[in-house]
Amino acid sequence: MTGCVLIVSDDAQVHEQLRSTLEPQGFEIHCAGSLDQADACLVGLAIGLVVLDASWPDALAVTRQWREESQVGIMLVGDDTERLAALECGADEYLVQPVQPRELLARARNLLRRVRSSVPLDTHLKRFAGWTLDTGRRRLKAGDGRETLLSHGEFQLLNVFMRNVGQTLSRDQLMDQLRNREWLPNDRSIDVLVGRLRRKLQDNPADPELIITIHGAGYLFTAAASLAA
C-alpha cells in the first residue's frame, strides 16, 4: 500500500479524476463530499494525505482548521488564484488545474514520505497512567480496551511530552520539537493540540492531572511512560 488518501470535493468528476490517477498506483482512496464526511474519515482512518478541491466552499478555512488540528499532509487542487492563500493557510502543496497525472503522483508520494518521516519508527507499545500507546498505529487504548486514533499532531505532541516528562516546556520549545510544520508568529496551534489531546486522554481541562498548564511558562506532562512487555 502506497498510502491512504482522502479526496474532498462536492464534484464527482473531481473524485473520479484524482482516484483514477492515484488508485492504480497502489494508493488507498477514500472520498468525501461534505465536511462531516471528511472529518469522520480523518478521525476513523489512518489518512496520510488529504487532496482538497480548492473550489469547495470554505476550502481555505477548512485547510487552516485541519492544519491547526492535525499533521496530515494537505494538498489543494484548483486554479492559480488561490495558490498563495492556500499555502499561507497551511497547505503543503498546491496543484493548478488541469492536473498533470505524473506531477500529482510525484507530489503525493513526496508529501506522504515527509509526513511519515515526522513519525517515530519505534513500534513498541508504551504505557502511562493507565493508557497504552501503540506508536505504530497512532492509537491510544484505555484500560477498558477502547481505542482512540490520534492525529499526526496529537501523536507527535504526546511523544514530545513523554520524552520530557516532568519538565515544563514552553510553546516555543514544543513548536521546535514538532516536525513537518511551519509556525506563524503568535501561533496558538499548540494550545489547540493540547486541548484535543487532553480530551482524548480524558484529562479534565479545569483540573488536569496529566498535562498541567504552568501559567506564563508552558505545559508540564506528569506521567512517566514504560515499554509494554
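Looking at segment 1-116, the helices (runs of 4 or more DSSP H) lying wholly inside it that each contain 2 or more residues that are under 18 Å from the mean Cα position of the chain (by Cα) sit at 35-44, 59-69, 83-88. Taking the conditions exactly as written (polar (S, T, N, Q), modelled with pLDDT under 85 and either under 17 Å from the mean Cα position of the chain (by Cα) or under 30 Å from residue 199 (Cβ atoms) (or both)), does residue 148 satisfy them or not? So residue 148 does not fit the description; no.
When segment 161-195 is filtered for residues that are surrounded by 14 or more Cβ atoms within 10 Å (Cβ to Cβ), at pLDDT 80 or above and of a type in the set (A, V, I, L, M), the ones remaining, listed by number, are 162, 169, 174, 175, 190, 192, 193, 194. Comparison of 70, 34 shows that the only residue that is on the phi < 0 side of the Ramachandran plot, touching a helix residue (DSSP H, G or I) at 6+ places or on another chain (Cβ under 7 Å) and polar (S, T, N, Q) is 70.
The values are calculated or read from the model by the stated rules, or taken from the named source; none is laboratory data. Treat the numbers as computed from the prediction; the structure is a model and nothing was measured. Neighbour counts are summed over all protein chains in view; Cβ atoms, including those assigned to glycine, are modelled from backbone coordinates with ideal geometry.
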